[in-house]
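Only one structure is covered here, and it is reproduced in the block below.
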Amino acid sequence: MTIELNKIYCMDALELLKQMPDQSVDLICTSPPYNTGNKSLGYHPNSKTGDKFYDEYDDNIDEHTYYKFLFDIIKESIRVSRYTFWNMQMLSNNKDTIIRLLHDFKDNLKDVFIWEKQAVSQIIKGRMAKGYEFVFVFAKDCSMTFEYRNFPKNEYVPNIQTWFKKDAIPEHHATFPINLPRYFIQNFSKEGDLILDYFVGSGTTIIASKQLNRNYIGCDISQKYVDICLKRLAQKTMFDLMQPFVEKQEGGAIPPTDKSVGIRPTIL
Ligand SMILES: C[S@@+](CC[C@H](N)C(=O)[O-])C[C@H]1O[C@@H](n2cnc3c(N)ncnc32)[C@H](O)[C@@H]1O
C-alpha cells in the first residue's frame, strides 16, 4: 500500500508507521487512547457516543498490553519523524504505563509541555479535579534545544499554555482543542512540511495542518471517525475565511515585560 500525502486512512496506527521510511515526517502531533476503563472523561452535554468511550476501540485493556501498544508506537514515531508531540492525561489506569514509558524513552524526551485546561473536568469524590494534561516531546535526542524550529523573532515559546476546548465534536469524547496542534505545528514546523496524526479521531491535528499550509497524513482505527475528519476537512472554517487577517496578527508570542510578569501569554 502506498501512503499518500493529504489522505486519511482507516487503519491501525502501528501498521501505518511501519510503512513509513525513516525520518520521512516533520512532526507528529497526537493523543493516544488513555485506557480510561471506558469511563467518561470530561463533561459533554451533547455527547452522541453512548456508553462506549470510543467507536471501534475498547479503552479498557490490561496494563501489559496497553504499555506494549504505546511503546511500539512511540518507538516507530521516533524512527519516522523529527518530533513527536504526544498528549496524555495521567489517570489511575495509565499512570504506571506513563512512568515506564518516560523511563524507557528518557534519551528521547526533549521537553514536557503542560496544557492547562480552563474547564476542570472529571469530578470524582475524594480526588483532585484534573486541571492539566501533558504533552511529551519525543525525538532522536534529548537535548532541550530545538534546532529545527519556526519560533517567533523573540524566540519566546513557553512550555505551558491555557486553552479551552471550544470546538467540541458530539460524536467524539476525547478531542483536544485546535490550539494545541496549532501551537506545535506553528512553532516546530514550516509551511509545506509533513504532519502526521495516526490517532486522528475527529481530525483536529489535520484541520490545524491544513489551516497552516502543511501537508498531512492521518489514520484512525474507526471508519466513523475518519468520516468525521473528512467532513471537517471539507468545511470552510472561520479560520480559513479570516486567514489574511490572522496572518497579519500572528507576530508570535509576547515576551514578558516588567508589567506582565506572572501573566502567561497565550499564542494563537
Ligand atoms: C484520544 S483520541 C484522538 C482524538 C483526536 N486528537 C481529536 O482531537 O479528535 C484517540 C483515537 O485513537 C483511535 N485508535 C485507537 N486505537 C487505534 C489504533 N490501533 N490505530 C489507530 N487509531 C486508533 C481511537 O479510535 C480514537 O479516535
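The values are calculated or read from the model by the stated rules, or taken from the named source; none is laboratory data. The structure presented is a predicted model; accordingly, all values stated were derived computationally and were not measured. No Cβ is skipped: glycine too gets one built from the backbone with ideal geometry, and neighbour counts run over all protein chains shown.
Residue-wise test of (1) among the aromatic types (F, W, Y); (2) touching a Gly at 6+ places or on another chain (Cβ under 9 Å); (3) under 18 Å from F134 (Cα atoms); (4) not in a loop (DSSP other than H, G, I, E, B).
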| residue | (1), (2), (3), (4) |
| --- | --- |
| I169 | no, yes, no, no |
| T175 | no, yes, yes, no |
| F184 | yes, no, yes, yes |
| E191 | no, no, no, no |
| K224 | no, no, no, yes |
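Inspect all residues belonging to region 217-238 and state whether any of them is at positive phi, more than 14 Å from the ligand (Cβ to nearest atom) and not aliphatic (A, V, I, L, M).
No, every residue in region 217-238 fails to be at positive phi, more than 14 Å from the ligand (Cβ to nearest atom) and not aliphatic (A, V, I, L, M).
Could you identify the single residue in D197, D193 that is more than 16 Å from the ligand (Cβ to nearest atom), of a type in the set (D, E, K, R) and buried (at least 20 other Cβ atoms within 10 Å of the Cβ)?
Exactly one residue qualifies, and that residue is D193.
Going by the structure shown, is E76 in contact (Cβ under 8 Å) with a residue 24 or more places away in the chain, among the acidic types (D, E) and within 14 Å of the ligand (Cβ to nearest atom)?
yes
How many residues does region 6-22 contain that are more than 12 Å from the ligand (Cβ to nearest atom) and under 19 Å from the mean Cα position of the chain (by Cα)?
Within region 6-22, residues that are more than 12 Å from the ligand (Cβ to nearest atom) and under 19 Å from the mean Cα position of the chain (by Cα) number 2.
If a residue must be part of a helix (DSSP H, G or I) and not hydrophobic (A, V, I, L, M, F, W, C), how many such residues does region 69-112 contain? Please lay out each step first, then the result.
Looking only at region 69-112, we keep the residues that are part of a helix (DSSP H, G or I), and these are 69-80, 95-104, 106-108.
The next check asks that each one be not hydrophobic (A, V, I, L, M, F, W, C); those that pass are 72, 75-77, 79, 95-97, 100, 103-104, 106-108.
Of the residues in region 69-112, 14 are part of a helix (DSSP H, G or I) and not hydrophobic (A, V, I, L, M, F, W, C).
So which pairs qualify, if the first residue must be in region 171-196 and of a type in the set (D, E), the second must be near the ligand (Cβ under 10 Å from one of its atoms), the Cβ gap must be under 9 Å, and the two must be at least 6 apart or on different chains?
E171/D55; E171/S202; E171/K224; E171/Y225; E171/I228
Is there any pair linking a residue in region 10-27 that is on the phi > 0 side of the Ramachandran plot to one that is at pLDDT 95 or above and more than 10 Å from the ligand (Cβ to nearest atom), with Cβ under 9 Å and at least six apart or on different chains, and which?
Note: pairs meeting the criteria are Q23/R79; Q23/V80; Q23/S81; Q23/R82; Q23/K140.
Go over the candidates N108, N150 one by one and state the one that is in contact with a Cys (Cβ under 7 Å, 6 or more places away or on another chain), at pLDDT 95 or above and not basic (K, R).
N108
If the requirement is being without any contact (Cβ under 8 Å) to a residue 40 or more places away in the chain and surrounded by 15 or more Cβ atoms within 10 Å (Cβ to Cβ), which of these qualifies: K166, K110, K106?
K110
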